[in-house]
1. Look at residue 255 and say whether it is closer than 11 Å to residue 5 by Cβ, touching a helix residue (DSSP H, G or I) at 6+ places or on another chain (Cβ under 8 Å), among the small types (Gly, Ala, Ser) and within 15 Å of ligand 1 (Cβ to nearest atom).
2. When residues of the stretch 203-252 are filtered for being part of a helix (DSSP H, G or I) and within 15 Å of ligand 1 (Cβ to nearest atom), how many remain?
3. Can you find even one residue in the stretch 43-66 that is closer than 28 Å to residue 248 by Cβ and of a type in the set (Asp, Glu)?
4. Return only the number of the condition from (1) surrounded by fewer than 23 Cβ atoms within 10 Å (Cβ to Cβ); (2) within 16 Å of residue 265 (Cα to Cα); (3) not basic (Lys, Arg) that residue 114 does not satisfy.
5. Taking the stretch 177-190 only, how many residues are crowded, with 16+ Cβ neighbours inside 10 Å and either of a type in the set (Phe, Trp, Tyr) or within 11 Å of ligand 1 (Cβ to nearest atom) (or both)?
6. Of the residues that make up the stretch 216-230, is at least one crowded, with 20+ Cβ neighbours inside 10 Å, under 27 Å from residue 163 (Cα atoms) and β-branched (Val, Ile, Thr)?
7. Could you pull out the residue among 190, 224 that is modelled with pLDDT under 95 and under 17 Å from the mean Cα position of the chain (by Cα)?
8. Which pairs do you get when a residue that is within 24 Å of residue 137 (Cα to Cα), found in the stretch 262-279, comes within reach of a residue that is small (Gly, Ala, Ser) and part of a loop (DSSP other than H, G, I, E, B), reach meaning Cβ atoms under 7 angstrom, with the pair 6+ apart or on two chains?
Amino acid sequence: MANRFLRALSRSRDRLSGALSALVPGRRPDSETIEELEAALLAADVGPTTTAALIAVVERASDSEAVPALAAEMVAMLSDVETTPPEVSGPRVVLVVGVNGSGKTTSVAKLARFHSAGGERVLLAAADTFRAAAVDQLRMWADRVGVELVAQDDGGDPAAVAFDACQAGLARGVDRILIDTAGRLHTQGNLMQELEKIRRVTQKVIPDAPHEVLLVLDGTTGQNGLRQAEEFLRSAGVTGIILTKLDGTARGGVALTIARQVGLPIHFVGTGEGDTDLASFDATEYVHGLLGIATK
Ligand SMILES: Nc1nc2c(ncn2[C@@H]2O[C@H](COP(=O)(O)OP(=O)(O)OP(=O)(O)O)[C@@H](O)[C@H]2O)c(=O)[nH]1
Ligand SMILES: [Mg+2]
């Protein structure tokens, strides 16, 4: 199967390729080669601590093993934090959160398409009531993808929309309820409380909801995005990441730092603006795409 991350990671791969080609099998990497690799990893947005850990592995590797050792360590870092979403008997409630413009609404549409294609009945909740246009945007996607939508005419209160959506989803027997929320910064206390309120009202209908809280992280924001992830993890109980906009940036290395430093699993990667531009995460495939290793 073709590597699904290949196109989205092309610029990241370009950034690493020079340094990787200097790691020749049968020759111990000299200090210049190591320095070049270190600079390339940092430039691809692998953070300093994670880069140091990777360099240590390359330095310890035997002459013929530098690239495979680097790849194996990267895969291990990403796999360490992998989790399987909990088993759910009724509708699975997924809350989608993140800062403004990170790609939440588009990701909700992509997830709707992905899970409908997998045979699920999906319902969207338009709980971004901050802007009138946000509801229209989600409605457009719901129509295009062919899934149900719960919204309130006048926008309404986000928690009320989430509540309605859970009730409707339960009554209709849907498999998955995806709640789109307004963009917010972790520093906006009132908006973070609003998320908490959304959680609470979903629990009134479905006691163990939300089953997943997905943080949509814009892959082009680099190390800045990591702070966001840490803060959202603390205050919004994030369970996993959707890493968007990797196409068109050379910062694909950030995935490693998210895993190692923030400790959150990446569930999906956004690879473009269309509703099919979503790839479920696979550590080996991702690393092979990043390092330009052919996937068998
Ligand atoms: N290239 C690319 N663009 C993306 C991706 N995901 C989202 N976008 C674009 O990013 C822009 C913002 O996307 P939205 O889904 O509206 O972001 P949002 O987080 O819902 O924004 P707010 O609701 O305003 O906070 C749009 O132009 C999307 O097409 C992606 O994976 N790749
Ligand atoms: Mg939105």
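The values are calculated or read from the model by the stated rules, or taken from the named source; none is laboratory data. Please read all numbers here as calculations on a predicted model, not as lab measurements. Cβ placement follows ideal geometry from the backbone for every residue including glycine, while neighbour counts extend to all protein chains displayed.
1. yes
2. 8
3. The answer is yes, given that some residue of the stretch 43-66 is closer than 28 Å to residue 248 by Cβ and of a type in the set (Asp, Glu).
4. (2)
5. Qualifying residue count, the stretch 177-190: 5.
6. For the stretch 216-230, residues crowded, with 20+ Cβ neighbours inside 10 Å, under 27 Å from residue 163 (Cα atoms) and β-branched (Val, Ile, Thr): present.
7. Selected residue: 224, the only one of 190, 224 that is modelled with pLDDT under 95 and under 17 Å from the mean Cα position of the chain (by Cα).
8. 269/8; 270/103; 271/8
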